[in-house]
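The values are calculated or read from the model by the stated rules, or taken from the named source; none is laboratory data. In this text, all values refer to a predicted model and were calculated from it rather than measured experimentally. Every residue, glycine as well, gets a Cβ built from its backbone with ideal geometry; the counts of neighbours run over all protein chains shown. We work out accessible area using only protein heavy atoms, side chains counted, and drop any ligands, DNA or RNA first. Shrake-Rupley method; radii C 1.70, N 1.55, O 1.52, S 1.80 Å.
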Amino acid sequence: MFAGFYDEIHEEFREVVREFVAREVTPHYRRWDAEHRMDRSLWEAAAENGLLGLAVGEEHGGMGLDDYRYRMVIDEELARADALAVGLAFHLHDDWVLPAVLRFGTDAQRETWLPRFMDASFITSVAWTEPGAGSDLRGVRTKAVRDGDDYLISGQKTFIGNGITGDGALVLARTDGSSGRGGAESFSLFLVEKEGNPGYRAGTQLDKMGLKASDTAELFFDEVRVPAENRIGDEGQGLAMITQLLPQGRLAVAASAAVVAGQVLEETLRYVRDRSAFDSPITEYQNTRFRLAEQQVALEATQHYVAETVRRFNVGELDVVAASKAKMWASERAKDAADVCLQLHGGYGYILEYPVAQAYLAVRLLTIFGGTSEILRETVAADMLS
Ligand SMILES: Cc1cc2nc3c(=O)[nH]c(=O)nc-3n(C[C@H](O)[C@H](O)[C@H](O)COP(=O)(O)OP(=O)(O)OC[C@H]3O[C@@H](n4cnc5c(N)ncnc54)[C@H](O)[C@@H]3O)c2cc1C
């Protein structure tokens, strides 16, 4: 990010993160990429370095780092190491599941779960999407049926990050027994543990085009017994809570997009400086210079936009429309940056060994998950026309 965005304290935190990435991520990342999953030891090391559950308050043993710039430092250091999939895995845990418990959990739930989020004994997934319901979560068919003090959850989820390696999920399920497209109060959220629940099963691991080191899978729930005390918030409030979680979730994607766009441009600058064609450095061609200039200006605009979005989040003023605008802008810019920068690499840009090729594949996800660009446009337009 630009000078002045971070304070001294964030730079001190960066030292810890950089050391963690050099020791725990870089030596293993290629293997994880080939194996399509990360080692458990990554999460344990992240926990030891205080990098999980940043926003958990001191009363629960955390550091209460709810200033979003700390999360961006982690993203930047992972991007610098071309380890974008680790950032994605951490985002699911820290930007979606953790805030649900922090904001909507009872005191007892916070006491039970927050320490486990931080010590890596409970690595989490977000389990909302289903084969027939992505953008429109009212199409979710997974059902939770009350059975005494428990619920029995049955259904199928897909595209679930950390689905294979994780220990449990924040599951969106239908609780009003309705069928067809549900109503605003048809759904509830549950924290569901894999251990001790034979009906909780990961299915096929999905072979993604990029970000391969993070596992993404189908999940199946067959009458999984979940105590009612694992329901987050009131019954029927699942969608309302998700709406309130969207600002942070979408900020996370916007921030990642700005970080990746910056990283890819920095790597491209290095590349073009070293490359010649027709007996001239390619930096002497007007096309190269113009593309670089355009990307630099777009990047600075994006960084300032994301910085303002982070500021609003930090003071508790980021709403879903503002977060949607930032995600839409930054993810589309990152996609463009990766495409232009790949082209400037010529054939090498197409080779997976080059970070720009990995970034190109990674950013393609950013306009899709956490709300597609089309859904975001609808959100923005609806706000404008209201
Ligand atoms: C790699 C990856 C990781 C993911 N991780 C997770 C995860 O961890 N947990 C989780 O729950 N989900 C996850 N997702 C799911 C992701 O959030 C959904 O894919 C996304 O919300 C889109 O849903 P869909 O795939 O069903 O597409 P659809 O909703 O079927 O959309 C198909 C197309 O129609 C468009 N469209 C749909 N509705 C409208 C509309 N009203 N107006 C205009 N256009 C519309 C969409 O924009 C899109 O272009 C992940 C997805 C991927 C690919």
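Counting only heavy atoms of the protein chains and using a 1.4 Å probe, Glu294 has close to 90 Å² of accessible surface. Highest mean packing first, where packing is the average number of other Cβ atoms within 10 Å per residue, the peptides 263-270, 372-379, 301-308, 74-81 line up as 74-81, 263-270, 301-308, 372-379.
Solvent-accessible area assigned to carbon and sulfur over the range 8-118 amounts to 49 percent, based on a 1.4 Å probe.
Remark: the range 239-385 carries a charge dipole of roughly 140 debye about the Cα centre, counting +1 on each Lys and Arg Cβ and -1 on each Asp and Glu Cβ. Relative to one another, the C-alpha centroids of the range 234-272 and the range 348-386 are positioned 10 Å apart.
The lysines within cross-link reach of Lys325, meaning a Cα-to-Cα straight distance under 23 Å and a gap of 8 or more places when in the same chain, are Lys335. Here the spin labels are modelled as points 7 Å beyond Cα on the Cα-Cβ line, and at Gln343 and Phe5 they lie 2.5 nm apart. Largest first, the extents of the alpha carbon coordinates of the range 253-386 on the three principal axes equal 58, 26, 24 Å. For the chain, the residue among Gly155, Gly132, Leu246 whose Cα projects farthest onto the positive side of the dipole built from Cβ charges is Gly132. Tell me, what % of the accessible area of the range 197-291 is carbon and sulfur with a 1.4 angstrom probe? Roughly 47 percent of what the probe reaches on the range 197-291 is carbon or sulfur.
With an a/c value of 1.5 or above and a/b larger than b/c for the gyration tensor axes a ≥ b ≥ c computed over the alpha-carbon atoms, the range 1-159 is described as prolate.
Which FRET efficiency, nearest 0.05, do Val315 and Leu269 yield, Cβ-Cβ r, R0 30 Å? Could you put the intermediate results ahead of the total?
Values: r = 34 Å, r/R0 = 1.14.
In this case the efficiency is close to 0.30.
Listed by chain and number, the lysines placed with their C-alpha closer than 21 angstrom to that of Lys143 are Lys157, Lys194; residues fewer than eight positions away on the same chain are left out.
Computed over the chain, the per-residue total of -39500 (n - 2.57) for DSSP H runs of n ≥ 4 gives a 222 nm mean residue ellipticity of -15500 deg cm²/dmol, rounded to 500. Spin-label model, Ser276 to Ala108: label points 7 Å out along the Cα-to-beta-carbon direction sit 7.4 nm apart. When only Cα pairs below 8 angstrom with a gap of at least 6 residues are kept, the range 8-118 shows a relative contact order of 30 percent. For the residues Phe290, Phe159, a 1.4 Å probe over the protein chains yields an accessible-area ranking, largest first, of Phe159, Phe290.
Equivalent-ellipsoid semi-axes (√(5λ), Cα gyration tensor) for the range 130-241, whole Å, largest first? Working shown, then result.
On the way: eigenvalues 105, 57, 26 Å².
That gives 23, 17, 11 Å for the three semi-axes.
Once C-alpha pairs closer than 8 Å and six or more residues apart are averaged by separation and normalised to the residue number of the range 257-386, the relative contact order reads 32 percent. Paramagnetic label reach from Gln286 (point 7 Å along Cα→Cβ; backbone nitrogen cut-off under 19 Å): within the range 324-351, residues 344.
Quick one: in the chain, what % of C-alpha pairs are over 35 Å apart?
Working: 18245 of 74305 pairs.
It works out to 25 percent of all Cα pairs.
The separation of the range 48-92 from the range 107-180, counted between C-alpha centres, amounts to 23 Å.
What does the accessible area per residue of the chain come to in Å², with a 1.4 Å probe and no ligands, DNA or RNA counted? Please list the in-between numbers first.
Details: 17270 Å² over 386 residues.
The answer is 45 Å² per residue.
The relative contact order of the chain, computed from alpha carbon pairs under 8 Å that lie at least 6 residues apart in sequence, is 16 percent. Projected label points at Ala228 and Glu19, each 7 Å from Cα along the beta carbon direction, are separated by 4.9 nanometres.
Note on surface exposure: Ser188, Ser280 rank Ser280, Ser188 by accessible area, highest first, 1.4 Å probe.
Accessible area per residue (1.4 Å probe, heavy atoms of protein chains only) ranks Glu44, Glu353, Glu332 as Glu353, Glu44, Glu332, with the largest value leading. A Förster radius of 22 Å combined with the Cβ-Cβ distance from His304 to Ala382 puts the calculated FRET efficiency at roughly 0.30.
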